[in-house]
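No lab work stands behind these numbers, since they all come straight from the coordinates. All values derive from a computational prediction rather than experimental measurement. Counting neighbours? That spans all protein chains shown, and the Cβs are built from the backbone with ideal geometry, glycine included.
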Amino acid sequence: MTIESDVLENIFNNFLQGPSIFKNRETLRPDYIPKKLPHRNQQIRRIGSILAPFLHGSRGSNILIYGKTGTGKTAVVKYVLKKLLEKAHEAGTAIKTCYINCRLAGTDYRVLAKLCASIGIKIPFTGLATGEVFDRFKNGLDINNFFLIIVLDEIDSLVKVMGDTLLYELTRINENLTYGRTSLIGISNDLLFKEFLDARVLSSLSEEEVVFRPYIAPELNDILYERAKISFVDNVLTEGALNLCSALAAAEHGDARRALDLLRVSGELSERQGSNKITEDHIRQAQDKIEKDRVVEVLTTLPLHSKVVLCGTYLIKQIMMKPAITGDVFEVYKELCEIINIEPLTQRRVSSLINELDTIGILNTKLLSLGRYGRTKKIKLNSNLSVIKNIYSQDAWVSKLINYKPKYLLNLKLK
């Protein structure tokens, strides 16, 4: 037996023989929908009442849902839809739902492909015109007389990159259907999302609006207490650890998702250390670990164009040894798009991506006045340069960009 095998044998044996503190660790995952959603009764009732007409074969209004990350938007929508489908089954009403995370889908084509798949229409991964895919989706709804509720989560990320053309078509689709019907639920973390929408899209999409405010510390405490009861063995979580976890998450804009992550990771750390309690020290260790992991996760899961913008900002810092400004980032971005053979977005779209990177903490932007030359943004990287280089050196798309020397920057240095 090799040394490596001995080490693994010890790790596995210690895990099997050590104290078990979890009853069900999956209940602390972000995609778990609990039977109770504390402090969201008002939003549950509101969304439920808007969708209730589907039970009588009528179309409900479109809904636009706002709120910061971790305020329960997705969980509430999935919870309401689950209950709606159960009641529709009892009533004999044919309702279908389709949930799409727009950040993961990334393009209009992929969104439409998922919509088609939800009603049993197979679409190739690529090769068709977007208009053709939309027509197949529309015809499938009508032929099968489907009532479909479409949930577009993180809808802002799609609109900022692709524009609102698809959204316009979806909000108007019922005008061209004879038998089928759809209703849209858009979920956004960006409170300024509506500024990106054409007035015609806005009037159709936001027929009803529901706002989710951040949780406060006592509410987070209730959420964590309820979840801990089904996740951990009794008396594992100390009161001090529970209170600290709630306080830290409340300080992070009332983010329940972060609170649950803290709780799960602290439990895993406690388990690895052979402890039979989750203490305040485990919560603080978990906070440090999550913060490091978060940067890696955010950088690796960014949409392609956001990665290229970030690479451009990184190269400006590396080559010019100074913070970037919007115009320079756009020029470098266009050059990098040519290198990997993708169509560049407009300067307005790139500016929106920079704002988004600022919102999630990867970049830091500051508006500067240039007098008669107008205004621009001074852009700084919040992430360590070596971290960006290490992560993007292994990325299938942008690995060839991270060491590239843009001609635009070299010409600037010569001036």
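Values as computed for the structure displayed
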{"item": "Residue 60 long-range amide H proximity, modeled H, under 5 Å", "result": "54"}
{"item": "Gain in span if fully extended, residue 93 to residue 222, counting 0.36 nm per residue against the direct Cα distance", "result": "42.8 nm"}
{"item": "Overall form of the range 181-261 per C-alpha gyration tensor (a/c, 1.5; a/b vs b/c)", "result": "prolate"}
{"item": "Fraction of beta bridges assigned by DSSP in the chain that are antiparallel (%, nearest 5)", "result": "30"}
{"item": "Amide H within-cut-off set for residue 377, under 5 Å, with H built and near neighbours excluded", "result": "326, 327, 368"}
{"item": "Residue 207-residue 284 pseudo-label distance in nm [points 7 Å out on the Cα-to-Cβ vector]", "result": "5.3"}
{"item": "Shape call, the range 302-414: gyration tensor on alpha carbons, a/c limit 1.5", "result": "rounded"}
{"item": "Within the chain: Cβ-based charge dipole about Cα centre, in debye rounded to nearest 20 (Lys, Arg +1; Asp, Glu -1)", "result": "960"}
{"item": "Separation of the residue 35 and residue 257 label points, Cα + 7 Å toward Cβ, nm", "result": "2.6"}
{"item": "Three-way shape call for the chain based on the alpha-carbon gyration tensor, with the a/c threshold at 1.5", "result": "oblate"}
{"item": "Whole-Hz couplings from phi, Karplus 6.51/-1.76/1.60, listed for the range 392-399; x for Gly and Pro", "result": "7, 5, 9, 7, 4, 8, 9, 4"}
{"item": "Which of 35, 389 has the fewest Cβ neighbours within 10 Å, and the rest in rising order", "result": "35, 389"}
{"item": "For residue 212, distant residues with modelled amide H under 5 Å away", "result": "66, 67"}
{"item": "Phi-based couplings in Hz for the range 175-182 (Karplus 6.51, -1.76, 1.60; Gly and Pro marked x)", "result": "5, 10, 9, 9, 10, x, 9, 10"}
{"item": "Length added when fully stretched, residue 128-residue 238, from 0.36 nm per residue minus Cα-Cα", "result": "33.9 nm"}
{"item": "Relative contact order (%) - criterion: Cα under 8 Å, at least six apart; region: the chain", "result": "17"}
{"item": "Ascending count of other beta-carbon atoms within 10 Å, so fewest first, for 245, 116", "result": "116, 245"}
{"item": "Per-residue Cβ neighbour rank within 10 angstrom, fewest leading, 162, 320", "result": "320, 162"}
{"item": "Net length gained if the chain between residue 26 and residue 7 were fully extended (0.36 nm per residue, minus Cα distance)", "result": "4.1 nm"}
{"item": "For the range 176-234 and the range 274-349, distance of Cα centres in Å", "result": "26"}
{"item": "Helical mean residue ellipticity (222 nm; -39500 (n - 2.57) per DSSP H run of 4+; nearest 500) of the chain", "result": "-17000 deg cm²/dmol"}
